[in-house]
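> My questions will all concern the structure given below.
Every number in this text was worked out from the coordinates using simple rules, so none of it is lab data. Keep in mind the model is a prediction, meaning the values are calculated, not measured. FYI the Cβ positions are ideal-geometry reconstructions off the backbone, even for glycines, and counts take in every protein chain you see.
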Amino acid sequence: MQTTQFQKLSLTLSLTLCLGVAIAAEQTAERAMLKEGKMVIVQDGKTIRMEKNVLLPHDIKVTTNGTFTVNNGKQRQLKEGQVLDSDGMLTSPDGSVAPVLDHVAMKNGKLVLVQDGEASAVDHEIAFPDGSKVSPDNTLRTPDGRLKRLIDGDLLTLGGQSLPSQDTISLQNGKVVVQKDGSLLTLRPDQSMMMNDGTKAFGNGTVISKNGTTTTLTEGQILKVEGVVTSTK
């Protein structure tokens, strides 16, 4: 049967309406978090209740029931107080922060492969699409054949590109906790620690940033600073 002009127009309108509904079914945000058992998002600096599923960069999809997927991978559940940022970093209430993208990381002197949030020790050479390779002995061979030894805190995507790492300084139950090079450390009241970006954390709750600004931490506050800068060039 020959399709009439009216039928073609109706089909076009139907497809347009369906596409509009699909777009409206998701919204964008700066971050999404589970707070007191409810999903909330930050948009334009304002915290509001999450009414629709959210699509973040890196093909991260967050649902109103508190689950998220990355690149249509395994569904993961957000835990109370966790914050998922638009840069693909997941921050937990204990001050730990890690990428949700699949990646290779150096932690406590060991190379680990993280896929869909689950980590496993690297026991074989991994070849990346760009021609670089990482080995269980913690070395990275660049596409031009140069060798680089990875250090704690180094992060690489499964495409071979470096991921910017983040350190944190927080106050947990009256104690200063820092995440540095992928590990959480608790400072004594009389102890201080220099972070990778030059920020200095003190066990009494004082933080002096690299530009000289002083901050006194409040309970539960988490400050993020630049971590190890990985170079694959």
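> Once you keep just the Cα pairs under 8 angstrom separated by 6 or more residues, what percentage relative contact order results for the chain? All intermediate terms of the calculation are to be shown ahead of the outcome.
Numbers: 487 pairs, mean separation 27.6, N = 233.
Answer for the chain is 12 percent.
> I'd like to compare 106-118, 39-51: which one has the highest average count of other Cβ atoms within 10 Å, and what's the full order after that? Kindly include the intermediate steps, with their values, before the conclusion.
Working: 106-118: 15.5, 39-51: 13.4.
Final packing ranking: 106-118, 39-51.
> Now, a different point. Sorting check: for 194-204, 91-101, 71-81, which peptide has the highest mean count of neighbouring beta carbons within 10 Å, and how do the rest follow?
Numbers: 194-204: 17.2, 91-101: 19.5, 71-81: 13.0.
So the peptides 194-204, 91-101, 71-81, ranked by packing, come out 91-101, 194-204, 71-81.
> Go ahead and collect, in residue order, the members of region 40-74 whose backbone nitrogen is under 17 Å from a label point 7 Å along the Cα-Cβ direction of T28.
41-46, 52-62, by backbone N distance to the label point.
> Dipole of region 28-93, Cα-centred, from +1 at each Lys and Arg C-beta and -1 at each Asp and Glu C-beta, to the nearest 20 debye? Don't jump to the answer; show the numbers that get you there.
On the way: 10 positive and 8 negative charges, 49 e Å.
So the magnitude is around 240 debye.
> Size of the chain along its principal axes in angstrom, Cα-based, largest extent first?
82, 47, 31
> Continuing with this model, one more query. For K38, go through the aspartates and glutamates and keep the ones whose alpha-carbon is under 15 Å away, minus same-chain ones fewer than eight residues off.
E51, E80
> Output the relative contact order of region 167-212, whole-number percent, from Cα pairs under 8 angstrom with separation of 6+ residues. Before the final figure, lay out the partial values.
Working: 80 pairs, mean separation 12.8, N = 46.
Reported as a whole number, the value is 28 percent.
> Another one. In Å, what Rg and Dmax follow from the Cα atoms of region 101-184?
Here Rg and the maximum Cα pair distance are 14.2, 49 Å.
> What lysines sit close enough to K74 to cross-link, taking a C-alpha to C-alpha distance under 17 Å and skipping anything fewer than 8 places away on the same chain?
Qualifying lysines at Cα under 17 Å: K61.
> Further, regarding this structure: In vacuum, with every alpha carbon of region 153-223 counted as one equal point scatterer, what does the Debye formula give for log10 I(q)/I(0) at q = 0.15, 0.19, 0.22 Å⁻¹? Two decimals, please.
Results for region 153-223 at q = 0.15, 0.19, 0.22 Å⁻¹ read -0.49, -0.72, -0.89.
> Would you please put 164-177, 122-135 in order of how densely packed they are, using the mean number of other Cβ atoms within 10 angstrom per residue and starting with the highest?
On the way: 164-177: 19.1, 122-135: 14.7.
Those peptides, ordered most packed to least, come out 164-177, 122-135.
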